[in-house]
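Everything on this sheet refers to the single structure shown next.
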Amino acid sequence: MKNLFNKLVLTNLLFIALLFTSCQEEFEEVGGDTQETIAANSNTAVLIENTATNDGSFDNIVDGASCLAIKFPYTVEVNGIQITIDSREDLHIIEEIFDEIDTDDDILDIIFPITITLGDFSELVIEDFEQLRELAAQCTEGGDDDDIECIDFVYPITLFTFDINEQQTGEVTVSSDMELRRFFAGLEDDELVSIQFPLTLKKFDGTEIVVDSNAELAAALERAKDECDEDDDDDFNDDDFTKERLDHLLVECPWEIREVIRMSMDQTGQYLENTLTFAENGSVTYQSPTGGMVTGEWSTRVTDNGIALNLEFEQLTDFTLEWIVYEIGDHKIKLYSDDGNKIVLRQHCPDDGNGDDGNGGNGIISVETLTNALLECDWIIKKVTNQGEEIERLLGYEFIFVEDGTLTIGNGITSFSGNWEIVSNDDNVRTLKINIGDEAAVSFDWPLTEIDGPSIVGTTRLVFKDENADYKMVLEKVCNDNADDNDVAEIRNIALGGGWNVASYVKDGMDMTADFNDMDFNFSNMHQLEVSVNDVPIAVGLWRVLRDTDEELKFFINLEENATLAELTDAWYIVSVESNRIELAYEDEEATETLVFEKP
């Protein structure tokens, strides 16, 4: 009896072993290992779907919604300028237009209909703004949504499907988030999935990790949920900078003060072009061109509102505050605090000695290099001062430097000729010598004191200044009359399209529109501007549209020869442009002005 029982047990164990072996053979063995499976509705599957979800936050500057994205191409109108958005890179154009002037109200209109892509990569045609707003209201913003953006799959990935009896039903290779997301969306809840391991994941900082099992995969995706700033907000100015990046930028070079607003009062005049120099030991030095220096302390920290820069000076109360850094741009930092406080700083790096100075890397710009820079393109006068007084009649005039040592200065119709050369003065500073018999206001020896960027090669702005004689000249480089800039071309074409009237001119809160009643402004080729009353010309001047060193669109108007019209002589910021309306603004330490042209 005992032997029979033992035989039965042995037989049953053999049967079970054979049955188990049979089931094993029905699974695909990939890489020599039996695959683990996960249910289509399991937590791991949900993590995979959330990681493969379409992230719509990259175009929040347009739609304000992180759970959807507008399909390229589409058209928007930004502050009156129509732009076709063909790629992510084009979105930066919108930000640049918004940043051109801080005193305007930024307006963006989407030209409907548009097609949007949702988180599951399905597409929907949107006919109007109300429909878009309703969908955007369903998004969870601020990084609290389900999608996982701090880690990505590295494709291709091979997956296997099994039924509830653990029989393999299929094999698929996916090559993108869209294919992976749609694969999981097509599964039934009771289906099983296995993944071919090892699997590579790329984190937000570019590092890659390899996982070898479902458990390792789930743990990696779970950890990645809160490892980075998903940028699910409308703060397109933050540019995803970190405290570490800000600290590095601050100590890299001195920072020139471009604007100071305190308690809504413009204090720029007393600080303009002075510098702040940050040191790694936490000290900061304020210095004026005349040599005055004040030392204080600086520190940064992360707050709920962004990265904060704390400045402390005993003698500089206008700077002593904790400032929120709301934008880091190309060589520029913008700071703000509540109650109408703002500071704009521009990085001012000396020549980096990388060989572009042409003088053996000693940081001194060579005569040859500066000469070649002036010969490369035309140079527009942005400002000329003589003994502290601005010579506004030369605003927008153009220097053309010729290799034989001759040059011309003109407004498109009238020009004067003279000679030029680059020399070194007694202080070994490269100096531009100009001699124009008919234009004494620029016939000086101009020491070069500032370039835009770290090197003279490629610079787009030159500043010449003599502190002793109290004169200064700022030149902006313009190549091919900015013909390759589509925005400049479009604005010029609109301005050229017929006569314009002054619909509004307000200076420091005073409405002075009536001073320009019955005047017709005609912008014509060769940068010529004619003002007439009842078809009778009363003044001629210069106009010019260009994009300056700060990537800001400017509308130059020079009517300095007429006492009344001279009020309009400025390098205006372009606020908005429409087919029948041009709005401009100007702001400095002396005045705040707005000017609106409309077609009659």
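The values are calculated or read from the model by the stated rules, or taken from the named source; none is laboratory data. Please read these numbers as outputs of a predicted model, since none were measured by experiment. Here the Cβ is made from the backbone with ideal geometry for all residues, glycine too, and neighbour counts use every protein chain on show. When the accessible area is computed, the model is the full protein with side chains, heavy atoms only, and any ligands, DNA or RNA have been set aside. Shrake-Rupley method; radii C 1.70, N 1.55, O 1.52, S 1.80 Å.
Annotations for the structure displayed:
- 5 angstrom amide H check on residue 512, placed H, neighbours 5+ away: 505, 506, 507
- Summed over qualifying helices (DSSP H, 4 residues or more, each -39500 (n - 2.57)) and divided by its residue number, the chain shows a 222 nm mean residue ellipticity of -5500 deg cm²/dmol.
- Farthest toward positive dipole pole in the chain [+1 Lys/Arg, -1 Asp/Glu at C-beta], among 596, 320, 418: 418
- Each peptide in 260-272, 187-199, 42-54 gets a packing score, the mean of other Cβ atoms within 10 Å over its residues, and the list from highest to lowest is 42-54, 187-199, 260-272.
- The share of accessible area on the chain that comes from carbon and sulfur is 47 percent, using a 1.4 angstrom probe.
- Distance from the C-alpha centroid of segment 524-556 to that of segment 393-408: 19 Å, rounded to the whole angstrom.
- Dipole magnitude for segment 482-598: about 460 debye, using +1 per Lys or Arg Cβ and -1 per Asp or Glu Cβ, origin at the Cα centre.
- Our summary gives the chain a relative contact order of 9 percent, counting only alpha carbon pairs under 8 angstrom and 6 or more residues apart.
- Computed Rg/Rh of segment 482-598, alpha carbon atoms with Kirkwood Rh: 0.94
- Cα centroid of segment 125-186 to Cα centroid of segment 460-489, whole Å: 51
- Stokes-Einstein D (µm²/s) once Rh is taken as the Kirkwood radius of segment 502-564 over alpha-carbon pairs, at 10 °C in 1.306 mPa s: 121
- Lys, Arg +1 and Asp, Glu -1 on Cβ, resulting dipole of the chain about Cα centre, debye, nearest 20: 1020
- Available extension along the chain between residue 532 and residue 279 is 85.4 nm, counting 0.36 nm per residue and deducting the alpha carbon span.
- Neighbourhood charge, 14 Å Cβ-Cβ cut-off, centred on residue 530 and excluding it, Lys, Arg +1 and Asp, Glu -1: -3
- Selection of GluC sites (Glu not before Pro), segment 238-306, meeting DSSP coil and at most 10 other Cβ within 10 Å: 280
- Segment 367-478: C-alpha gyration tensor shape, a/c 1.5 cut-off, then a/b vs b/c: rounded
- Solvent exposure of the chain amounts to 49 Å² per residue of accessible area, where only protein heavy atoms count and the probe is 1.4 Å.
- With K and R counted +1 and D and E -1, the other residues having a Cβ less than 13 Å from that of residue 433 yield a net charge of -2.
- Sites residue 338 and residue 107, calculated FRET efficiency, Cβ-Cβ separation with R0 35 Å, nearest 0.05: 0.90
- The chain - Debye-derived log10 I(q)/I(0), Cα point model, q = 0.09, 0.11, 0.12, 0.13 Å⁻¹: -0.88, -1.16, -1.29, -1.41
- Gyration tensor verdict on segment 243-347 (Cα atoms; rounded if a/c is under 1.5, prolate if a/b is larger than b/c, oblate otherwise): rounded
- Global geometry of segment 54-137, whether rounded, prolate or oblate, following the gyration tensor of its Cα atoms and the 1.5 cut on a/c: prolate
- Local net charge near residue 301, Cβ-Cβ under 15 Å (Lys/Arg +1, Asp/Glu -1): -4
- Note on the chain: dipole from Cβ charges, positive end direction compared against 261, 335, 402; the farthest Cα belongs to 402.
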